[in-house]
1. Among the residues of the range 33-62, write down those that are touching a Ser or Thr at 6+ places or on another chain (Cβ under 6 Å) and at pLDDT 90 or above.
2. Please go through the range 54-82 and pick out each residue that is loosely packed, with under 10 Cβ neighbours inside 10 Å, touching a strand residue (DSSP E or B) at 6+ places or on another chain (Cβ under 7 Å) and more than 22 Å from SER101 (Cβ to Cβ).
3. Restricting to the range 1-30, give me the number of residues that are free of Cβ contacts under 8 Å to residues at least 40 places away in the same chain, of a type outside the set (D, E, K, R) and part of a loop (DSSP other than H, G, I, E, B).
4. Can you tell me how many residues in the range 83-119 are of a type in the set (Ser, Thr, Tyr) and surrounded by 10 or more Cβ atoms within 10 Å (Cβ to Cβ)?
5. If we keep just the residues of the range 1-29 that are more than 16 Å from SER56 (Cα to Cα) and either within 16 Å of the chain's Cα centre (by Cα) or surrounded by 10 or more Cβ atoms within 10 Å (Cβ to Cβ) (or both), which is modelled with the lowest pLDDT?
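The values are calculated or read from the model by the stated rules, or taken from the named source; none is laboratory data. Please read these numbers as outputs of a predicted model, since none were measured by experiment. Here Cβ is always computed from backbone atoms with ideal geometry, including for glycine, and neighbour counts include all displayed protein chains.
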Amino acid sequence: QMARCTVSFEPQSASVFDGLIVCEASRPSDSLAEDSVLDGSVGHEMKEAKQHYVQSTGVGKLPHLCVPGCPSPVVDFGDVSPGNRVQLNLEILNTTSVRASFRLRPLHEDGQAAPLAPSPF
């Protein structure tokens, strides 16, 4: 006899998980099953339960986005006159096999970076 089941794994953190899955198999008692049918009681009493253990492991992974070769990336536009636009290319790499969608957005809602305070010459 064979039974199929589905086992789920849904990690809530990036970590390694290790544990046991227990499958308990038993068979109904023949005499109790007949008594249940005769007296109309619901369910069958089980006897001779045997436990089977299955080792389970899983790794909770998250995407890891980085700028290659730069542990603390800084985008420096240099000196730009008002009214001019400078564009820079920024390569972003996901170093894990976990697929991810991402977007870049400015920290300020209006898309403007705060200007630095004037400094003396």
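1. Residue satisfying the conditions is GLY60 alone.
2. Scanning the range 54-82 gives GLN55, THR57.
3. 7
4. Total satisfying the criteria: 2.
5. Across the range 1-29, the extreme among qualifying residues is SER29.
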